[in-house]
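Only one structure is covered here, and it is reproduced in the block below.
Values in this text are rule-based calculations from the coordinates and carry no lab data. Quick caveat, the model's predicted, so the values are computed rather than measured. All Cβ positions, even for glycine, are placed from backbone atoms using ideal geometry, and neighbour counts span all protein chains on display.
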Amino acid sequence: MTAIIEVEKLTKSYGRRRGIADVSFQVGEGEVFGFLGPNGAGKTTTIRVLMALIRADSGSAKITGLDCWDRSVDIKRSVGSVPGEPSLDGNLTGGQILEYFANLRGGVDQKYLNQLVERLDLDTGRKFRQYSTGNKRKVVLIQAFMHKPRVLILDEPTSGLDPLNQQEFDGMVREAREEGRTVFLSSHVLSEVEKTCTRVGIIREGRLVKIGGVHDLKDIKRYEITILFAQPVPVEAFAQLEGVTDVETLNDGRAVRLAMQGSADAVIKAAAHYPVISLTSYEPSLEDVFLRYYESDGRPAKEVAANVV
Amino acid sequence: MWFRNVFLKTLRDYRIAIIGWGVGMGLVIVSPMASVAALISTPAQHAALASIAAQFAWNADPVKADTVGGYATFKIGVFAFIACIWPLLAASRMLRGEEDRGSLDVLLSAPRTRLSIALQKVAAMWSALLVIGLISGVIAYLGGRAFKGDFTLADGLMWGLDLALICMIFGGVALLISQFTHERGPAAGATGALLVVFIVVDMVHRVIPGTDWFSRLSPIYYYNLSKPLITSYGTSAGGMLAMLAMAMVLTGAALWLFVRRDVGDAVKVPWLDRMAHPAAPSRSLPVSDWSLRSVYMRSLGMIAVPTFWWTLGFAAFAAWMIVAVRQLADKMNALLAGAQGSPAIAVLKNIGGGSSTELNGLLLGAMFELMPVLLMAFAVTQVNRWSADEDEGRLEIVLSTPQSRAAVLLGRFAALATATVIVGVVTLATAAVAAAIGGVALDGGNLAAATLGMIPLGLLIAAIGYLAAGWLRTAADTGLLSFLLAAWFFISFIGPDLKWPDATLRLSPFYYYGTPLLHGMELANLAVVLGVGAVALTLGSLRFARKDIGV
């Protein structure tokens, strides 16, 4: 697969503040690449370098073989982007904003633009200032997709979208992939990346700590299940089950909290032997996952970085 | 300590403004004191100064202009009201600006009533204004002592209080207007326009006899009732109380509306809403709006409304000045005819020559001093929007389109250049028509030079603003430009009286603007201003092309 995004030893610092250090990865054409990391990990800094909003201290970043800084105007002809904290002129309507950016791109297919507007159910007649957070996000998403760019660079694109529109967004990304376009998507939500991406890179404290196929997420994906029973249950019934990494009893033995990794099938079948009152599943934040996965096993991030596939 | 409550936190936010404006206004009032001694060394010069001052009554009441306090009061005249710029900006930012940024939502989530929060903010601004008045009053007193003025510390402080009260009024106006706007910019702009209108309304009674009733409509009239630096004139308690009452009513009305309206929304005025939304917006695309075709057109669209109001203000001001000149010219001609050989006439003839065209040019020229300053102030407000757009992330999506950074910056600059040209041309047309109708003889070429010659000055400060925005954030950029504007004006306004060397006077762009109504525009001077502007713009473009955005 030809690499369409090539990042090599990219480093950027903000004075004393950390940015990113020695970040290297490649994204192949037609790939949907997830860029995962907790808040402040360096995802937005990487994207801002790719979009030539900031200049790297060292290293290189290329899109379609062109240097992101030197050839930024050429690159942006084939890129659509959603910034992390989009801000637009509050006095313009959604329609005016879309028309303005369409003009700055030299015009777009109006039919496709209207399709996107219908699809995300955006009222283009309202002023940007009057939009809810979700509707503001829709405007920014549409402007990124409307010219059918070869590369989409999306910084936490579904933040603020309701589940229905998130689903619609997933469909848009899927279609982009089917049409052979490339998507670079940053997120701090594991499940979102799992759903839409083919490959992922994980960044933490400015360094890329893991990169590989989406199935590798299983290694780090952990969640919790809490089951409340009508009577006390023996904890041993769950401790040895496949996927369970830790068990804790609650409510005088009438509830168990299970730390999980992988499939919950064995747990559900074991719980069925007892009268269940409720079952709740909780997906920890990526920060929690990192804290447990990368620190509890005692392996520093740099060492893990050596495992980059 | 400073984060204990809203009042202290807000006061802390104002600390630089308090020192800057306090010292700045102090220096503004002290500067003319330095030159008065040289102007009144003989009895004849005393008489000449008092006589000339009387002909420039449009600027200020010529009371005891041959004394240190009187001359300072007269010389500063309408320029004292630049002090109102800070409360105007601060008050429009106080609630509306915070709503814009969303920070008011967080503040209002604290267990405090809206009224309590708003009152603490207003109290902080009023306290800041009183401290500014205190600092400038003390500096005025020290200046008076240094240059043998006869006013006391109490007089100096009363002058500072008078200034603080007029500032409170315009702060109240801005706060009230900001309850009806969705952004702070229009509120600040409208208050600025009202400030100019009120200055002119106050001027009327000094130029046209029998119009005292009309000038009473302006709060500035009540400011001028007190002249504390002139010991024989003193302070008007009634005037000050009237100003305090106005400030309280305006601020009270603003707070009354604030606690009743939705946060993030404006007070609903049906006819204003109809003007803002003449027809139901269409959902279908494209919307085919002329202002969306390019960065330049969009930038022009963004500044269309403020340009319209500023142009209207300039045109009205120019027309008013023509009317005022006609009144003054009659008085001046009588003076010229009846007092041949006096030092005052010699001075006037020296400056202006003898014909009525030259006399009109002299009078109008003195009033025209304000016009380039105002045009540059307009440019500063527009540059402020550029740096705010970058600070607030509005450039990021524009820069994600295939537009070079230089094209984006130059598009914005070109729109501002277009706006300044429109202001200049409309002002020229209005002044010419008003002169023709009013029968005021003016040299057409010189009038064109005076109005169109302002344009390069506007472009110069804009270019410097774009350059500085490469390093500075919005507040610092605007502060720098305001400081430059004040410093340049100071150099050109006070420098000649203080016999500053030519090299110092040349540091101000107003030097190159010269006195076009009398002497026309020198192309070499024009080239200097345009050249420096072009260099600043080129450097600004280069810097913008290389800088990290939003860092």
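Here are the numbers for the structure shown:
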{"quantity": "Among the listed pairs A:LYS76/A:LYS148; B:LYS9/B:LYS121; A:LYS9/A:LYS195; A:LYS111/A:LYS195; A:LYS111/A:LYS138; B:LYS64/B:LYS148, those beyond 20 Å (Cα-Cα)", "calculated": "A:LYS9/A:LYS195; A:LYS111/A:LYS195"}
{"quantity": "Relative exposure of B:PHE510, B:PHE314, B:PHE214, judged by other C-beta atoms within 10 Å (fewest first)", "calculated": "B:PHE214, B:PHE510, B:PHE314"}
{"quantity": "Which of B:TYR14, B:SER51, B:MET33, positive extreme of dipole for the range B:1-79 (C-beta unit charges)", "calculated": "B:TYR14"}
{"quantity": "Average Cα contact separation per residue, chain B, under 8 Å, 6 or more apart, as relative contact order %", "calculated": "14"}
{"quantity": "Cut-off under 5 Å, modelled amide H: who pairs with A:SER81 long-range", "calculated": "A:ILE153"}
{"quantity": "Cα-based shape type of the range B:392-538, given that a ≥ b ≥ c are square roots of the gyration tensor eigenvalues and the cut on a/c is 1.5", "calculated": "oblate"}
{"quantity": "Efficiency of FRET from Cβ geometry, B:PHE483 and B:LYS148, R₀ 35 Å, rounded to 0.05", "calculated": "0.70"}
{"quantity": "Positive dipole terminus of the range A:3-218, leading residue within A:VAL139, A:SER60, A:MET172 (C-beta point charges)", "calculated": "A:SER60"}
{"quantity": "Cβ charges +1 (Lys, Arg) and -1 (Asp, Glu), total dipole of chain A, debye", "calculated": "980"}
{"quantity": "Estimated distance in nm for a label pair at A:THR226 and B:ARG101, the labels positioned 7 Å out from Cα along Cα-to-Cβ", "calculated": "3.9"}
{"quantity": "Pairwise FRET efficiency - A:THR133 versus B:ARG546, Cβ, R0 = 41 Å, nearest 0.05", "calculated": "0.75"}
{"quantity": "Nearest-20 debye value, the range A:56-154 charge dipole, Cβ charges on Lys, Arg, Asp, Glu", "calculated": "220"}
{"quantity": "10 Å Cβ neighbours from other chains, averaged over peptide A:129-135", "calculated": "1"}
{"quantity": "Förster radius 45 Å - calculated FRET efficiency between B:VAL305 and A:ASP74, Cβ distance, rounded to 0.05", "calculated": "0.80"}
{"quantity": "Spacing of the two label points (7 Å from each Cα toward its C-beta) at B:SER288 and B:THR211, in nm", "calculated": "4.8"}
{"quantity": "Kirkwood-Stokes translational diffusion coefficient of chain B, alpha-carbon pairs, 25 °C, 0.890 mPa s, µm²/s", "calculated": "99"}
{"quantity": "Electrostatic dipole magnitude of the protein assembly as shown [Cβ: Lys, Arg +1; Asp, Glu -1; Cα centre; debye, to 20]", "calculated": "1040"}
{"quantity": "Average beta-carbon neighbours from other chains, 10 Å sphere, peptide A:82-92", "calculated": "5"}
{"quantity": "Estimated inter-spin distance, B:ALA503 and B:LEU257, nm [label 7 Å along Cα→Cβ]", "calculated": "5.4"}
{"quantity": "Cα gyration tensor, the range A:3-218 - rounded (a/c under 1.5), prolate or oblate", "calculated": "prolate"}
{"quantity": "Compactness relative to 2.2 N^0.38 Å, alpha carbon Rg of the protein assembly as shown", "calculated": "1.16"}
{"quantity": "Residues whose placed amide H lies under 5 Å from that of A:ILE211, excluding near-sequence neighbours", "calculated": "A:ILE202, A:VAL309"}
{"quantity": "Shielding score for A:51-58, defined as the mean number of other chain Cβ atoms within 10 Å", "calculated": "4"}
